[in-house]
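Before any comments, here is the structure.
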Amino acid sequence: MTQTTAIPARSTLSDAVDALSSARRDWRGRHPASTARFPARGAVERVVELLAAALYPRRLGGFRGAVTEEDHFVAAKLIAALGELEREIENELAYWQHESQARFDADQAATITRLFAAGLGEVRRLVDSDVEAAFLGDPAARSVDEILLCYPGAIASLHHRIAHPLYELGAPIVARLISELANERTGIDIHPGATIGEHFFIDHGTGVVIGETAIVGRNVRLYQHVTLGARSPLGAARATPRDRLARHPIVEDDVVVYAGATILGRVTIGRAATIGGNVWLLSDVPADAIVTQPEAQRLDRGARDRIRETLAEAVD
Ligand SMILES: CC(=O)OC[C@H](N)C(=O)O
């Protein structure tokens, strides 16, 4: 069977092109930087794939050769990853230059890339520690390799451990593209600015949100739908630097936060505290404390019948 593609009438097409051109002109009147260069999503995605292969040649890179050949494979992946990363950082710096009239040294993208590359050993060490934390923390895990290959928490950790140094080195859009790739892939939304200690484990993970200025200690475990958020969108509201720079919680070492807990604002959850499921928390919690919602209760027969009657009336 042949397929035909409907071509719009010439006037339909030119009307649409004109309308889009006028929308672009309006937008650019308000946002002059929008004709600048930007980092490209596809390129950043390739960088992450190549870095994952360099960090974990066998498990994430598909390398099947001899151990003596690994370094060669890793070097090839790194050359490709760092070249592409430097180009995307150049695009980002061109954007900031256009937007803020700032001037950057011509070799700044190369410097950021070099410093990032120098930290890759630490990136691998941190992801390894997160994988080990998952193995210790989840009785359902069969092996550390299963975790690295399959667990959303490990995928989010890999992306965050790459994105955070890029954010700190001055490439926040490239970093944000990486964190959004993780969000697309896992439903775990960690802002690349968040500072997270080693042995971090997010179990299941779907719906977890960790904001830009959150500080998370070592050995912290979170379950699905946990939010470490800010108290209100500051938007254009007048705000002190502290409001802007310290919006999210501090979670100290060895804390566990169960599913659905929402912790908002610059509060401190003290060392080894446990936060129960669905807790809504806007204040500090001392070390070793346990904070819970009242447990669900089974209704006695009278209360149950009254509710049934109310529901029946509502349906009528
Ligand atoms: C996670 C969160 O608090 O989001 C709110 C807003 N994006 C902010 O960073 O303040």
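Would you order HIS31, HIS160, HIS199 from fewest to most other beta-carbon atoms within 10 Å of each residue's own beta-carbon? Let's see the in-between values first.
On the way: HIS31 10, HIS160 27, HIS199 22.
Going from sparsest to densest Cβ surroundings: HIS31, HIS199, HIS160.
Taking a ≥ b ≥ c as the square roots of the eigenvalues of the Cα gyration tensor of the stretch 130-239, is the shape rounded (a/c under 1.5), prolate (a/b larger than b/c) or oblate? Provide the component values of the computation, followed by the final result.
Values: a/c = 2.04, a/b = 1.68, b/c = 1.22.
Prolate, since a/c reaches 1.5 and a/b exceeds b/c.
Please name which of THR195, THR292, ALA239 has its Cα lying farthest along the dipole of the stretch 181-316 towards the positive end, using unit charges on Cβ (Lys, Arg +1; Asp, Glu -1) and the Cα centre as origin.
In the stretch 181-316, that residue is ALA239.
Using each residue's phi in the stretch 204-211, evaluate 6.51 cos²θ - 1.76 cosθ + 1.60 at θ = phi - 60° and report the 3J(HN,Hα) Karplus result to the nearest Hz, with x for Gly and Pro.
Using θ = phi - 60°, the values come out as 6, x, 3, x, 6, 10, 10, x Hz.
Could you run the Karplus curve 6.51 cos²θ - 1.76 cosθ + 1.60 with θ = phi - 60° over the stretch 162-168 and give me ³J(HN,Hα) per residue in whole Hz, x for Gly and Pro?
7, 6, 4, x, 5, 4, 5
For q = 0.13, 0.15, 0.21 Å⁻¹, what log10 I(q)/I(0) does the stretch 33-187 give under the Debye formula with an equal point scatterer on each alpha carbon and no solvent?
Cα-only, vacuum Debye calculation for the stretch 33-187: -0.62, -0.80, -1.35.
What ranking, highest mean first, results for peptides 98-105, 205-212, 162-169 when packing means the other Cβ atoms within 10 Å averaged over each residue?
162-169, 205-212, 98-105
If you bin every alpha carbon distance in the stretch 2-96 into 5 Å steps from zero, what whole percent lands in each bin?
3, 12, 13, 11, 10, 9, 9, 9, 10, 8, 4, 2, 0
Once the Cβ-Cβ distance between SER14 and GLU99 is put in as r, and R0 is 25 Å, what FRET efficiency do you end up with, to the nearest 0.05?
Numbers: r = 32 Å, r/R0 = 1.29.
Once rounded, the FRET efficiency stands at 0.20.
For q values of 0.21, 0.23 Å⁻¹, compute log₁₀ I(q)/I(0) with the Debye formula on a Cα-only model of the stretch 23-63, without solvent.
The calculated log intensity ratios at q = 0.21, 0.23 Å⁻¹ are -0.68, -0.74.
Please report the equivalent ellipsoid semi-axes of the chain, computed as sqrt(5 x eigenvalue) of the Cα gyration tensor, largest first, in whole Å.
Numbers: eigenvalues 295, 190, 113 Å².
Equivalent-ellipsoid dimensions as semi-axes: 38, 31, 24 Å.
Taking only DSSP H segments of four or more residues, each worth -39500 (n - 2.57), what value at 222 nm results for the chain once the sum is divided by all its residues, to the nearest 500 deg cm²/dmol? Display every interim value, and only then the final one.
Numbers: 10 runs with 156 residues, N = 316.
The helix-only estimate for the chain comes to -16500 deg cm²/dmol at 222 nm.
Could you list THR195, THR68 so that the one with the fewest beta carbons within 10 Å of its beta carbon is first and the one with the most is last? List each step's numbers first, then the result.
Values: THR195 15, THR68 7.
Ordered from fewest to most neighbouring Cβ atoms within 10 Å, THR195, THR68 come out as THR68, THR195.
How much net charge surrounds HIS225 when only other residues with a Cβ under 15 Å from its Cβ are counted (Lys, Arg +1; Asp, Glu -1)?
Values: positive: ARG221; negative: ASP189, ASP203.
Here the count lands on -1.
Can you give the extra length, in nm with one decimal, that the chain gains between GLU69 and ALA296 once fully stretched, where that is 0.36 nm per residue apart less the Cα-Cα distance? Provide the component values of the computation, followed by the final result.
Values: separation 227, 0.36 × 227 = 81.72 nm, distance 5.78 nm.
Value of the extension gain: 75.9 nm.
How big is the Rg/Rh ratio for the stretch 77-127, C-alpha atoms only, Rh by Kirkwood, two decimals? It would help to have the intermediate numbers written out before the result.
On the way: Rg = 12.7 Å, Rh = 11.9 Å.
Reported Rg/Rh (Cα atoms, Kirkwood Rh): 1.07.
Considering only the other residues whose Cβ falls under 10 Å of the Cβ of PHE63, what net charge follows from Lys and Arg at +1 and Asp and Glu at -1? Please list the in-between numbers first.
On the way: positive: ARG58, ARG59, ARG64, LYS77; negative: GLU69, GLU70.
So the environment of PHE63 carries a net charge of +2.
Could you compute the FRET efficiency for ASP145 and ASP243, with r as their C-beta to C-beta distance and R0 at 45 Å, rounded to 0.05?
Numbers: r = 44 Å, r/R0 = 0.98.
Plugging the Cβ-Cβ distance into 1/(1 + (r/R0)^6) gives 0.55.
So what J values fall out for the stretch 6-17 if you push phi through Karplus, 6.51 cos²θ - 1.76 cosθ + 1.60 with θ = phi - 60°, rounded to Hz, Gly and Pro as x?
Here the 3J(HN,Hα) series is 6, 9, x, 4, 3, 5, 4, 5, 5, 4, 5, 4 Hz.
Taking the Cβ of ASP288 as the center, what net charge do the other residues with Cβ under 12 Å away carry, scoring Lys and Arg +1 and Asp and Glu -1? Each step should come with its number before you reach the end.
Numbers: positive: ARG271; negative: GLU252, ASP253, ASP254.
Every neighbour counted, the sum reads -2.
How large is Rg over Rh for the stretch 194-316, taking Rg from the Cα atoms and Rh as the Kirkwood inverse mean of 1/r across Cα pairs?
On the way: Rg = 18.4 Å, Rh = 16.0 Å.
Radius of gyration relative to Kirkwood radius: 1.15.
Bear in mind these aren't lab numbers, they're just calculated from the coordinates by the rules spelled out. The structure displayed is predicted, hence computed values, not measured ones. Please note: Cβ atoms are built from the backbone with ideal geometry, for glycine as well, and neighbour counts cover all protein chains shown.
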